[in-house]
């Protein structure tokens with residue numbers, strides 16, 4: 001699988017944002033841009049998943065968001081006031097003042113497309129990436145050939161909240177004096193909760209994933225700022241309703257992070273969107289779901305042609 005990498009740059013009021021990216025597959029193939037979720041580095045689009053898209057003939061692009069992985073870190077930026085107030089406003093669909101929003105992160109994606117000289121692409125977004133994808137498709141219609149939304153939400157008022165065990169994990173952390181082994185075990189348990197009970201990789205595979213991602217980048221402040229970007233943006237319904245590209249919305253039947261009702265809400269908001277339930281999938285992309293998801297996505301890609 002051919003791989004090239006580079007950095008795209010965008011000037012912002014807070015400085016230059018540099019996005020690290022990788023390209024896989026035939027450079028002459030139709031481009032498919034993959035947008036990952038909150039705090040998730042580009043390897044969270046697994047190599048095997050990407051290989052299936054490459055084998056189908058697509059030029060696959062995956063990247064690290066700002067504040068993630070090998071991309072620029074927005075050091076020192078922080079939102080003022082209580083995060084609980086921002087959460088309360090978000091549950092009502094209202095925005096809040098934050099260092100940057102999902103709209104800013106969408107402009108990062110536009111800069112990446114410009115850098116790669118991609119005028120039109122198939123866009124696939126997962127979780128937070130699915131939210132960015134909705135903004136992109138709602139504001140840059142000519143650049144989006146088709147749209148795939150995986151395990152995401154519109155953030156509309158009174159959306160279904162995460163399961164309690166997920167909320168508890170989000171505000172929990174290992175003790176400050178925890179050993180390296182204890183911190184590793186904590187992260188492995190988190191992934192197991194988000195993944196859901198089905199298709200769970202072995203404990204050894206989860207540990208390897210956590211270790212490899214931590215060695216690549218470990219930057220907790222970035223996760224906080226990206227969470228605030230979601231809270232600060234508020235409801236995406238205005239963007240979702242403006243989407244004109246062929247759209248498929250996929251959601252796991254046992255997603256504990258974003259309940260299936262959220263995915264149904266995304267499909268209901270986007271004109272003509274198709275909703276597909278991935279049986280047994282949680283809030284992750286384990287290997288057993290790669291083939292059905294890729295087949296569904298490429299069927300949707302073909303509608304643009």
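Just so you know, all these numbers are worked out from the coordinates, no wet-lab data involved. Bear in mind that the values here come from a model prediction, so they are computed numbers and not experimental data. Every residue, glycine among them, receives a Cβ derived from its backbone with ideal geometry; neighbour counts consider all protein chains shown.
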Determine the shape class of region 199-305: with a ≥ b ≥ c the square roots of the Cα gyration tensor eigenvalues, call it rounded for a/c under 1.5, and otherwise prolate if a/b is greater than b/c, oblate otherwise.
-> oblate
Taking Cα centroids, how far is region 77-147 from region 206-235 in Å?
-> 16
Convex hull over the Cα atoms of region 1-142, averaged projected area in nm²?
-> 8.9
Compute the Cα gyration tensor for region 21-101, then decide on rounded, prolate or oblate, letting a ≥ b ≥ c be the square roots of its eigenvalues: rounded whenever a/c is under 1.5, prolate when a/b is larger than b/c in the other cases, and oblate in all that remain.
-> prolate
Provide, for q = 0.17, 0.20, 0.21, 0.22 Å⁻¹, the log10 of I(q)/I(0) from a solvent-free Debye sum over equal Cα point scatterers in region 140-276.
-> -1.07, -1.26, -1.30, -1.35
Using a simple spin-label model with points 7 Å from Cα along the Cα→Cβ vector, what separation in nm is obtained for residue 77 and residue 182?
-> 3.4
Considering the alpha-carbon set of region 178-240 alone, what are its Rg and its Dmax in angstrom?
-> 15.4, 46
If you average the sequence gap of Cα pairs under 8 Å that are 6 or more apart and divide by the length of the chain, what percent do you get for the contact order?
-> 22
What ranking, highest mean first, results for peptides 196-203, 49-56 when packing means the other Cβ atoms within 10 Å averaged over each residue?
-> 49-56, 196-203
Which of the following values of Rg and Dmax of the Cα atoms in Å was calculated from the structure shown: [x] 18.0, 56; [y] 18.8, 60; [z] 28.2, 104?
-> [x]
